[in-house]
Amino acid sequence: MAVKFKHSNTYTMYFCTFTCYDWLHLFEQTNSYDLVYNWFSILKKKSVDVVAYVIMPNHVHCILNFQDENFNLNKIVSNGKRFMAYEIIIVLKQKMNIKY
């Protein structure tokens, strides 16, 4: 994702996709599909509609509709990815019995 590009407010529906590092099946291995659903709930509270989505073992596709003209697509997607990654790391450490 281009982080310095300002997305236009003219069209408010975007197709977004992101993958796990090295295409690892981290959603499946950690059973963390609920993290994506939690992110969708947060988006809904911010007036962002999830029009369609598919969650695969190692990546996510979604179509997001922004109702508010003042949105920052880069920030919204990067925050979602970051917090999902934190939770996945916690689960992986627990599975491997790694202490913090």
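The values are calculated or read from the model by the stated rules, or taken from the named source; none is laboratory data. Computed from a predicted model, the values in this text were never measured in an experiment. Note: ideal-geometry Cβ built from the backbone for every residue, glycine included; neighbour counts use all protein chains shown. Heads up: the accessible areas ignore ligands, DNA and RNA and are worked out on the full protein's heavy atoms, side chains in. Shrake-Rupley method; radii C 1.70, N 1.55, O 1.52, S 1.80 Å.
Yes/no per residue for (1) closer than 19 Å to H25 by Cα; (2) surrounded by 12 or more Cβ atoms within 10 Å (Cβ to Cβ); (3) of a type in the set (K, R):
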residue	(1), (2), (3)
M56	yes, yes, no
H59	yes, yes, no
F66	no, yes, no
N70	no, no, no
N74	no, yes, no
G80	yes, yes, no
E87	yes, yes, no
K93	yes, yes, yes
When the stretch 20-35 is checked residue by residue, the ones that are open to solvent by less than 70 Å² (accessible area, probe 1.4 Å) and either assigned to a helix (DSSP H, G or I) or more than 11 Å from I88 (Cβ to Cβ) (or both) are L26, F27, Y33, L35
Scanning the stretch 36-54 for residues that are open to solvent by less than 30 Å² (accessible area, probe 1.4 Å) and among the aliphatic types (A, V, I, L, M), the one nearest to K95 (Cα to Cα) turns out to be V36
So, first residue more than 16 Å from V36 (Cα to Cα) in the stretch 83-100, second residue outside any helix (DSSP H, G or I) and open to solvent by 100 Å² or more (accessible area, probe 1.4 Å), Cβ within less than 9 Å, six or more apart or across chains; the pairs are K93/K99; K93/Y100
Apart from one, (1) of a type in the set (D, E, K, R); (2) touching a strand residue (DSSP E or B) at 6+ places or on another chain (Cβ under 9 Å); (3) modelled with pLDDT of 95 or more all hold for D68; the odd one out is (3)
